[in-house]
Amino acid sequence: MEESEKAENDTSAGEEFISLSDFTATGSDQLTFGRGDRLLVRAKPCEDWWWAELRGDVGYVPSSHLLQCRLSSATGDAQGPGDAQGPCEQEEEEEEAAVEDPWQDEEYFGSYASLKLHLEMLSDQRRTEAYRQVVLNNRDFLKDKVVLDLGCGTGIISLFCAQLSQPAKVYAVEASPMAEYTRRLVRRNGFEDVVTVLQGRAEDVELPQKVDVLLSEWMGNCLLFEFMVEAVLKVRRRWLAEGGVMWPSSAALLLVPCQAHGFYAENMSFWKNPYGLDFTPLQPLAQQEIFSKPKFSHVVALEDCLSAPSEVLSLNMYTLDVQDLEEMTGQFSFCVDKLGEFHGFSAWFTVGFESRQTAGGGAVELDTGPYSQPTHWKQTLFMLDSPVSVHEGDRISGSIVLHRNHVWRRHMSITLSWTVHSGTQDADACQASAFNSPTGNVGTKTFPMWR
Ligand code: GJV
């Protein structure tokens with residue numbers, strides 16, 4: 001695409017945004033606006049401050065307060081709130097309602113009221129078996145312990161506890177209406193004396209005692225999406241007894257630079273010459289519609305990984321704080337180990353479950369990356385706007401920032417910044433970071449997920 005054409009596409013008429021919260025200008029070059037105002041964004045000179053128009057006035061506005069209209073949501077099989085539509089597509093009253101519940105609980109727990117997502121989770125054997133293994137490996141430890149299963153869904157983990165160990169009590173907490181069925185499943189399997197199902201948000205639950213074990217399957221896409229982890233941290237503070245166990249005990253986000261020939265061809269190369277015609281003017285649109293958001297449910301083949309993966313975030317579930325979730329930053333430096341096209345980054349997570357007993361199978365890890373059989377989370381793909389050719393010995397360094405949406409509490413944006421350093425075909429030199437040739441490709445891109 002020509003540069004002039006690109007500029008035209010970026011700024012032509014401005015983009016319409018809706019304000020999610022009130023903002024009062026603190027300088028004469030800023031605009032004051034209220035929640036629900038529709039602003040026309042004329043330019044984005046930097047990430048945090050945009051130049052916008054409202055009722056004939058122009059000025060700078062903080063981008064964090066704005067939500068783009070007609071930004072469609074998930075690609076692929078997003079879970080829970082990922083299926084949401086942008087509120088600008090809805091009626092005015094719905095907009096209001098959506099802004100009033102930044103957690104979108106009705107929609108979120110509504111999605112867990114039907115079987116679809118539960119079937120997906122239960123059929124994911126690697127996920128479900130990992131939790132079963134944790135219970136098995138700690139069956140002696142669990143004897144006479146009090147357990148809380150946060151977001152128990154159909155109650156599978158609580159039922160494993162009752163079936164495979166002898167806990168004093170399991171509180172199975174579930175906010176969605178599925179809880180009623182979970183109660184029936186507990187009764188049908190004869191565990192009603194041990195497992196008590198409590199329907200409600202775990203943050204609000206009242207228990208007769210503190211718990212020895214806080215178990216939960218809270219992980220979303222890119223680990224944090226949905227931010228169910230916040231409930232886990234709040235419950236930990238309130239209900240976990242001194243010295244109690246967190247399962248998972250740790251979590252990590254991993255990243256790898258990768259090729260995505262298939263996805264690129266389907267959505268970008270396609271327009272080059274369909275039926276012998278030049279459809280390339282649609283490419284900027286494809287870029288905006290498809291590549292501006294992460295692709296969920298991507299499975300990255302090992303041969304498409306351009307280097308060994310790297311851990312970019314590492315969370316200790318005993319010490320992680322709710323405030324830490326607002327912005328999380330990681331660094332990376334990848335050594336490219338093959339010739340290929342750098343189309344983007346793939347991300348996934350691992351969680352670790354420490355063992356609390358000496359005799360037994362030890363710690364358990366659930367790895368959702370490309371070196372293991374896929375789980376229902378699969379991997380998440382972040383496409384660059386244009387691919388970069390890389391060679392063995394090149395280095396890709398940079399950072400990732402997960403920025404939680406100030407208003408929509410289950411959403412975040414992910415900013416990837418990278419530099420490709422061209423190498424000397426020498427993998428050892430890359431390992432040692434012994435060279436630092438300024439080079440080729442430098443880029444940064446922010447992906448809303450989904451707001
Ligand atoms: N309190 C109670 N139940 C919850 C909560 C909460 N704060 N948050 C989610 N759930 N790993 N991304 C329930 C939700 O209704 C569903 O049944 C289950 O936890 C989700 C677990 C898998 N989602 C995930």
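Laboratory data are not the source of any read-out in this text; all were calculated from the coordinates shown. Model, not experiment: these values are computed from the prediction. Backbone-built Cβ (ideal geometry, glycine too); neighbour counts: all protein chains shown.
Structure above, values below:
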quantity: GluC sites (Glu not before Pro) within the range 130-206, DSSP loop, no more than 14 other Cβ atoms inside 10 Å; calculated: Glu192, Glu206
quantity: Within the range 214-256, backbone nitrogen closer than 16 Å to the virtual label 7 Å beyond the Cα of Asp105 toward Cβ; calculated: 227-235
quantity: Label-to-label distance, nm, for residues given as Lys116 and Leu285 (7 Å Cα→Cβ offset); calculated: 2.7 nm
quantity: DSSP H segments from the chain that extend 20 Å or more along their own axis, Cα-based, with Kyte-Doolittle mean of 1.0 or above; calculated: none
quantity: Cα→Cβ-extended label distance, 7 Å offset, between Ser386 and Ala363, nm; calculated: 4.4 nm
quantity: Extended-chain gain in nm, criterion 0.36 nm per residue less alpha-carbon gap, Lys143 and Ser292; calculated: 48.7 nm
quantity: Mean Cα-pair separation over length for the chain, i.e. relative contact order, pairs under 8 Å, 6 or more apart, %; calculated: 13 percent
quantity: Rounded if a/c under 1.5, otherwise prolate or oblate - the chain, Cα gyration tensor axes; calculated: oblate
quantity: Anchor Lys210: lysines whose Cα lies under 30 Å away (excluding residues fewer than 8 positions away in-chain); calculated: Lys143, Lys145, Lys169, Lys234
quantity: Rel. contact order, % - alpha carbon contacts under 8 angstrom, at least six apart, the range 107-217; calculated: 29 percent
quantity: Helix-only mean residue ellipticity at 222 nm for the chain, each DSSP H run of n ≥ 4 adding -39500 (n - 2.57), per residue, nearest 500; calculated: -6000 deg cm²/dmol
quantity: Segment Arg238-Gln68, length gained on full extension (0.36 nm per residue, minus Cα span); calculated: 57.5 nm
quantity: Label-point separation, Ala265 to Glu327 (7 Å along Cα→Cβ), nm; calculated: 4.2 nm
quantity: Gained length - His406 relative to Glu203, 0.36 nm times residue gap less alpha-carbon distance; calculated: 71.1 nm
quantity: When the convex hull of its Cα atoms is projected in every direction, mean area for the range 234-353 (nm²); calculated: 10.4 nm²
